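The values are calculated or read from the model by the stated rules, or taken from the named source; none is laboratory data. Everything numeric here is computed off the predicted structure, so don't read it as measured data. A quick note on method: Cβ atoms are made from the backbone with ideal geometry, for glycine too, and the neighbour counts reach across all protein chains shown.
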C-alpha cells in the first residue's frame, strides 16, 4: 500500500511550499501525492443556474491550477499526483477526505508568513490535531527551496 501525502490546493502563497514539500517527501519515500481542493459553498449561493456555471468555472480553475503543480511534480520529482475536488467547508471536507481515504498517511499544510498568523486552515486543523487519524506536517511559507530540499 502506498502512503499518500495529502496537500490542500488553494490560492494562498504558502500552498506552494506545501506542494513542494509533499512532492519531495513522496519522491524520497516512494509515496504518492493527493491534492485536495475544496470549493466553499458561498460560491454558489446565487440564483439557480448561475450556481452551476460558477461551479463549472471553479472546477476549470482548479484543474488549470492543479496541472501547473502536477507538471512540476512529474518533471522534477517523478511523482504523479491525483486531484480530488470536494464542495463544502474546507476543514470539514479535509477531515472527511482523510477519514475516507485510508491511504493518506500525512496531511501537509502551508503556514502563512504574515502577522495575521499561520492561516485559518492551520489554526483550525491544529486544534483538532489530537483526534486526527494522521499526523500534520506544517511547512513554513517562506522556507527557501534549498532549505526545503535539505529537510525533505
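Suppose we keep only residues that are at pLDDT below 95 and either closer than 16 Å to residue 30 by Cα or touching a helix residue (DSSP H, G or I) at 6+ places or on another chain (Cβ under 9 Å) (or both) within the range 81-93. Which one would you say is surrounded by the most Cβ atoms within 10 Å (Cβ to Cβ)?
90
Please state which one of 71, 76, 115, 102 is under 17 Å from the mean Cα position of the chain (by Cα), outside any strand (DSSP E or B) and more than 19 Å from residue 10 (Cβ to Cβ).
The conditions single out 102.
Being touching a strand residue (DSSP E or B) at 6+ places or on another chain (Cβ under 9 Å), closer than 17 Å to residue 19 by Cβ, loosely packed, with under 15 Cβ neighbours inside 10 Å and touching a residue at least 40 places away in the same chain (Cβ under 8 Å): is that true of residue 149 here?
So residue 149 does not fit the description; no.
Listed residues 78, 49; which is exposed (fewer than 12 other Cβ atoms within 10 Å of the Cβ), in contact (Cβ under 8 Å) with a residue 12 or more places away in the chain and farther than 17 Å from residue 135 by Cα?
Only one candidate qualifies: 78.
I'm told residue 70 meets every condition in (1) within 29 Å of residue 144 (Cα to Cα); (2) in contact with a strand residue (DSSP E or B) (Cβ under 7 Å, 6 or more places away or on another chain); (3) touching a residue at least 24 places away in the same chain (Cβ under 8 Å); (4) surrounded by 15 or more Cβ atoms within 10 Å (Cβ to Cβ) except one. Can you identify the failing condition by its number?
Every condition holds for residue 70 apart from (2).
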